[in-house]
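Questions regarding the structure given below will be posed in turn.
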Amino acid sequence: MQKLDWKTCFKVCFSIFCLYLCIHYWDSAADFIKNCISAAAPFFIGCIMAYPLNILMSFYERHYFPKSTRTSTVKSRRPVCLVLSILTLVAFVAIVIGLVVPQIISCFSLLFAEIPTAITNLIDYLNELEFVPDDIIATLSSIDWKSILTQAYEFIKSGFSSVVDVVVTTVSSVASVLFSGFLGIIFALYILLSKDKLLFQCKRITSRYIKPKWLEKINYVLSILNDTFHKFIVGQCTEAVILGVLCTIGMTILRMPYAAMIGALTALMALVPIVGAFISGAVGAFLIFMESPVKALVFLIFIVVLQQLEGNLIYPKVVGSSIGLPALWVLTAVTVGGSVAGIAGMLIAVPIAASLYRLLRIEVNKAQENEAVPENEKTETAEE
């Protein structure tokens with residue numbers, strides 16, 4: 001029986017003492033942990049920002065004079081590629097906002113302008129049917145719908161202005177949040193500029209303080225997570241661009257209004273699994289319906305066909321089988337992720353679920369293979 005040395009006893013006693021302090025002073029310990037997490041929030045935000053930017057920056061690094069060995073080229077590769085990746089992301093967001101927001105504003109303006117005429121036509125139609133009593137028809141006809149809607153529109157505009165004022169006041173009062181976001185961007189830039197050095201330092205620290213067996217398992221899990229997230233992000237972005245271009249081309253051929261705007265909205269919403277397709281289809285159909293109900297019906301048929309093409313051909317080919325998550329678990333991941341963290345939860349829940357599914361599938365297959373070996377050996381022995 002192995003004897004206990006004083007170091008082991010000291011570690012056990014110290015652990016018990018720390019556990020006692022945490023239990024007895026739990027409120028203080030929880031506040032201390034919360035303050036530590038809040039203080040480290042900019043670093044975590046920077047890591048989250050750095051991961052998708054690193055994918056785009058790595059793409060530029062592979063194509064920025066890859067065969068050049070000049071010192072100036074090698075030194076400028078990383079900062080130039082980082083700037084290009086940031087400019088690409090900003091340009092994409094600006095294009096989407098520039099295409100979508102003005103069209104939605106003009107659509108609501110058109111909606112308020114056309115509603116009085118639509119109500120008048122509806123009243124005339126009901127009067128022709130002689131289904132509604134004459135006194136109700138007379139009352140509805142006497143109402144100045146245009147004036148009411150104009151007042152409502154002005155009220156909404158003034159209400160929106162007051163909401164904007166409240167938002168501005170709130171944002172100014174939470175300067176710490178903005179400061180954390182700014183520090184997160186700075187951390188992301190530093191992480192991307194020195195990612196090789198940081199990776200080397202992490203490997204040295206983990207190899208020094210973690211046992212090789214555990215380190216191998218941790219690296220294996222992290223490699224699965226990184227591979228799944230990388231392929232999911234690249235595949236989703238590529239699929240979104242293809243889907244947006246196809247939607248724009250198809251709507252242009254069918255001579256539908258708002259082709260570029262709805263195509264950009266479809267591409268943006270394609271990043272959100274399952275729910276995004278319904279949102280883009282509903283918004284697009286509503287906008288087109290304001291100009292032509294027939295074209296809105298044609299658009300719905302077109303978008304359903306396009307979504308079927310995307311689900312059965314584009315998604316499997318572009319994203320590939322690397323995700324390998326059945327539709328049931330995709331829906332479950334989106335639902336749970338959306339309930340926990342909103343849109344951000346929807347975006348990260350699918351690759352996390354796919355990584356867990358992939359790890360579980362690999363372990364189950366290994367267990368089945370290990371169980372099958374003795375049975376085969378028994379069969380061969382019996383045949384001999």
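None of the figures in this text is laboratory data; all of them are computed from the coordinates on show. Keep in mind the model is a prediction, meaning the values are calculated, not measured. Neighbour counts are summed over all protein chains in view; Cβ atoms, including those assigned to glycine, are modelled from backbone coordinates with ideal geometry.
Can you give me the distance in nm between label points at Phe286 and Lys11, each placed 7 Å from the Cα along the Cα-to-Cβ direction?
The two pseudo-label positions are separated by 6.1 nm.
Cross-link list Lys197/Lys217; Lys34/Lys231; Lys7/Lys203; Lys197/Lys231: which exceed 30 angstrom alpha carbon to alpha carbon?
Among Lys197/Lys217; Lys34/Lys231; Lys7/Lys203; Lys197/Lys231, the Cα-Cα distance tops 30 Å for Lys34/Lys231.
For Phe14, Phe299, Phe182, Phe187, which order do you get if you count the other beta carbons within 10 Å of each Cβ and list the fewest first?
Starting with the residue having the fewest Cβ neighbours, the order is Phe14, Phe182, Phe187, Phe299.
Something else about it: For the range 211-365, what is the charge dipole size about the Cα centre, in debye to the nearest 20, if Lys and Arg each add +1 at the Cβ and Asp and Glu each add -1 at the Cβ?
Approximately 300 debye in magnitude.
I would also like to ask the following. Scan the range 1-105 for trypsin sites (Lys or Arg not before Pro) in coil per DSSP, keeping those whose Cβ has at most 12 other Cβ atoms within 10 Å, and list them by number.
Qualifying residues, ordered by number: Lys3, Lys67, Arg70.
A further question on this structure: I want to make sure I understand the PRE zone here: with the label point 7 angstrom from the Cα of Ile352 toward its beta carbon, which residues in the range 205-232 have backbone N atoms less than 18 Å away?
221-232
Could you give the length gained on full extension between Ser28 and Val83, defined as 0.36 nm per residue of separation minus the Cα-Cα distance, in nm?
Full-extension gain reported as 15.4 nm.
When Cys247, Cys237 are ordered from fewest to most other Cβ atoms inside 10 Å of their Cβ, what list results?
Taking fewest neighbouring Cβ atoms as first place, the list is Cys237, Cys247.
Given the Cα atoms of the range 1-93, and with Rh set as the inverse mean 1/r over their pairs in the Kirkwood sense, what is Rg to Rh to two decimals?
1.35
Taking the Cβ-Cβ separation of Ile279 and Ile253 as r and a Förster radius of 22 Å, what is the calculated FRET efficiency to the nearest 0.05?
The calculated FRET efficiency here is 0.40.
Same structure again: Enumerate the residues in the range 261-288 having an amide nitrogen under 19 Å from the point lying 7 Å beyond the Cα of Asn312 toward its Cβ.
From the range 261-288, the list is 274, 277-278.
Within a 10 angstrom radius of the beta carbon, how do Val74, Val272 rank from fewest other beta carbons to most?
Lowest count first: Val74, Val272.
Using 0.36 nm times the number of residues separating Leu183 and Arg62, minus their current alpha carbon distance, what extension gain do you get?
Value of the extension gain: 40.7 nm.
In whole percent, what relative contact order does the range 211-365 give with Cα contacts below 8 Å and a gap of six or more residues?
The value is 25 percent.
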